[in-house]
1. Could you please find all residues in the stretch 10-54 being in a strand (DSSP E or B), free of Cβ contacts under 8 Å to residues at least 24 places away in the same chain and among the small types (Gly, Ala, Ser)?
2. Name the residues in the stretch 11-31 that are open to solvent by 80 Å² or more (accessible area, probe 1.4 Å) and modelled with pLDDT under 85, would you?
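The values are calculated or read from the model by the stated rules, or taken from the named source; none is laboratory data. These figures come from a predicted structure and were not determined experimentally. Glycine gets a Cβ as well: all are built from the backbone with ideal geometry, and neighbour counts include every protein chain shown. Just the protein is used for accessible areas: all its heavy atoms, side chains included, with ligands, DNA and RNA removed. Shrake-Rupley method; radii C 1.70, N 1.55, O 1.52, S 1.80 Å.
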Amino acid sequence: MARRRGNHEGGLYRRKDGLWCAQISLNDDGLTKYSRSPTECREWIKETLTRVDAGQTYDASPDTLDQFMRSWLESKTLSIRR
């Protein structure tokens, strides 16, 4: 029986339509990439895991859209020439 992969482990398989699928599980969520070549999928897995190990996460931002737009508008008004 195959064991279930844990967090921060990538999986790679070929679909019936010929595309390759790479999957990574992070905190009970999954990230998926489809490609025509298994090499591109392996590179994506390595790159994504490297980013996660470096501290970059895929967690949702705590800011709401309203907060984000207000801060963006404030930064834009400061950069406008008059």
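1. Taking the stretch 10-54 first, the residues in a strand (DSSP E or B) are 10-14, 20-26, 29-35.
So of that shortlist, the ones also free of Cβ contacts under 8 Å to residues at least 24 places away in the same chain come out as 11, 13, 20-23, 25, 30, 32-35.
Residues satisfying the conditions are GLY11, ALA22, SER25, GLY30, SER35.
2. Within the stretch 11-31, ASN27, ASP28, ASP29 qualify.
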